[in-house]
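Contents: one structure, followed by commentary.
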Amino acid sequence: MVASAMPLLLVLLLASPSATRLASAACASEKFPAGRAYATCEDLPKLGASLHWTYDASKSSLSVAFVAAPAAPGGWVAWGLNPTGEGMAGAQALVALRGSGSAAPAVKTYNISGYALGASSPLEFPATELAADAAGSGGKIRVYGKLQLPKGMKAVNQVWQVGASATGGAPDKHAFGADNLSAKGKLVLAGSKAAAGAPAASPSAAPEAGGPAASGGSDSGAASSMAPSGGKSPNAAASTAGLSAPALLALALVGLLATV
């Protein structure tokens with residue numbers, strides 16, 4: 001009787017939200033070029049994007065790789081931090097525009113103060129090691145950079161966006177679909193479990209046209225993975241370190257069932 005009930009219990013446990021989030025952390029399978037590896041990754045809840053990062057608290061430095069597909073082949077992708085609010089205005093953004101032919105995407109920085117972007121501008125957070133490639137699967141662009149953050153920063157709002165075209169080397173405005181308007185959240189840098197979490201609670205401004213990062217709501221159900229990413233085997237993410245209690249119990253039951 002006990003043995004016959006165990007398969008049903010195992011199915012229920014594997015169908016739990018914790019197990020589903022673990023299984024859906026596709027970001028852990030991203031393979032970066034040699035020399036690029038990140039301590040943490042998260043599948044962002046909108047626009048099919050993911051963020052990979054390593055935060056060095058002793059140096060207050062944040063190394064990131066943002067991965068997303070432009071809205072069209074000649075388009076752009078963007079990710080940024082906003083220390084002043086939830087949406088686009090105030091965001092310190094890295095924008096990668098698709099290069100022509102086999103050229104690598106060009107990376108530009110924007111300290112966004114409005115909704116019309118032109119020439120690149122320096123960020124409030126000094127940015128170094130900027131680069132991008134178009135080697136991601138499904139036409140995705142991968143944007144790399146290192147940001148020097150203020151000492152003591154533990155969490156900050158983040159925004160991300162994709163667009164379909166660029167004019168004169170500057171991104172054209174993006175679409176204003178539900179996913180575009182919800183592409184934001186909060187990045188937790190330090191604490192008992194550094195990860196991306198729920199968006200800031202303050203109300204957002206009404207969306208306006210233009211720019212690589214529009215304001216809007218957010219989905220707090222994003223899958224998160226604390227396993228190292230970039231050139232690492234996805235099997236590393238299967239380590240029991242960091243697994244939830246239901247997932248550990250499910251693994252134990254698998255071993256038990258194998259002996260029945």
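How many residues, within the stretch 45-60, are over 16 Å from residue 125 (Cα atoms) and part of a loop (DSSP other than H, G, I, E, B)?
Counting residues in the stretch 45-60 that are over 16 Å from residue 125 (Cα atoms) and part of a loop (DSSP other than H, G, I, E, B) gives 6.
Considering only the stretch 74-114, how many residues are in a loop (DSSP other than H, G, I, E, B) and among the basic types (Lys, Arg)?
Just the residues of the stretch 74-114 that are in a loop (DSSP other than H, G, I, E, B), to begin with: 74-75, 83-91, 98-105, 112-114.
Pick out the ones that are also among the basic types (Lys, Arg) and you get 98.
Adding up the residues that qualify gives 1.
How many residues are closer than 23 Å to residue 185 by Cβ and open to solvent by less than 50 Å² (accessible area, probe 1.4 Å) if we restrict to the stretch 103-122?
The number of residues fulfilling the criteria is 6.
Looking at the stretch 32-44, is at least one residue in a loop (DSSP other than H, G, I, E, B), in contact with an Asp or Glu (Cβ under 8 Å, 6 or more places away or on another chain), hydrophobic (A, V, I, L, M, F, W, C) and at pLDDT below 95?
No, because not a single residue in the stretch 32-44 is in a loop (DSSP other than H, G, I, E, B), in contact with an Asp or Glu (Cβ under 8 Å, 6 or more places away or on another chain), hydrophobic (A, V, I, L, M, F, W, C) and at pLDDT below 95.
Taking only pairs six or more apart or across chains, which ones have beta-carbon atoms under 7 Å, a first residue in the stretch 108-126 that is farther than 17 Å from residue 143 by Cβ, and a second residue that is open to solvent by less than 30 Å² (accessible area, probe 1.4 Å) and modelled with pLDDT under 75?
Every condition considered, the pairs that remain are 115/210; 115/211; 116/210.
Could you grab me the full set of residues in the stretch 91-102 that are open to solvent by 20 Å² or more (accessible area, probe 1.4 Å) and either among the polar types (S, T, N, Q) or under 21 Å from residue 46 (Cα atoms) (or both)?
98, 100, 102
Just one of 129, 124 is part of a loop (DSSP other than H, G, I, E, B), touching a strand residue (DSSP E or B) at 6+ places or on another chain (Cβ under 9 Å) and of a type in the set (Asp, Glu); which is it? Please lay out each step first, then the result.
Values: 129 fails: part of a loop (DSSP other than H, G, I, E, B).
The unique qualifying residue is 124.
Can residue 65 be described as touching a residue at least 40 places away in the same chain (Cβ under 8 Å), open to solvent by 10 Å² or more (accessible area, probe 1.4 Å), touching a strand residue (DSSP E or B) at 6+ places or on another chain (Cβ under 6 Å) and within 19 Å of residue 45 (Cα to Cα)?
Values: touching a residue at least 40 places away in the same chain (Cβ under 8 Å): yes; open to solvent by 10 Å² or more (accessible area, probe 1.4 Å): no; touching a strand residue (DSSP E or B) at 6+ places or on another chain (Cβ under 6 Å): yes; within 19 Å of residue 45 (Cα to Cα): yes.
It is false that residue 65 is touching a residue at least 40 places away in the same chain (Cβ under 8 Å), open to solvent by 10 Å² or more (accessible area, probe 1.4 Å), touching a strand residue (DSSP E or B) at 6+ places or on another chain (Cβ under 6 Å) and within 19 Å of residue 45 (Cα to Cα).
Tell me, yes or no, whether the stretch 165-180 has at least one residue that is out of contact with any Ser or Thr (no Cβ under 8 Å at 6 or more places or on another chain), surrounded by 18 or more Cβ atoms within 10 Å (Cβ to Cβ) and closer than 19 Å to residue 61 by Cα.
No, the stretch 165-180 contains no residue that is out of contact with any Ser or Thr (no Cβ under 8 Å at 6 or more places or on another chain), surrounded by 18 or more Cβ atoms within 10 Å (Cβ to Cβ) and closer than 19 Å to residue 61 by Cα.
Take the residues in the stretch 123-150 that are among the acidic types (Asp, Glu) and open to solvent by 60 Å² or more (accessible area, probe 1.4 Å); name whichever of them is nearest to residue 50 (Cα to Cα).
Of the stretch 123-150, the ones among the acidic types (Asp, Glu) are 124, 129, 133.
In the following step, the residues that additionally are open to solvent by 60 Å² or more (accessible area, probe 1.4 Å) were identified as 124, 129.
Details: 124: 23, 129: 19 Å.
Ranking the candidates gives 129 first.
The values are calculated or read from the model by the stated rules, or taken from the named source; none is laboratory data. Being a predicted model, the structure only gives us computed values, none of them experimental. Please note: Cβ atoms are built from the backbone with ideal geometry, for glycine as well, and neighbour counts cover all protein chains shown. Heads up: the accessible areas ignore ligands, DNA and RNA and are worked out on the full protein's heavy atoms, side chains in. Shrake-Rupley method; radii C 1.70, N 1.55, O 1.52, S 1.80 Å.
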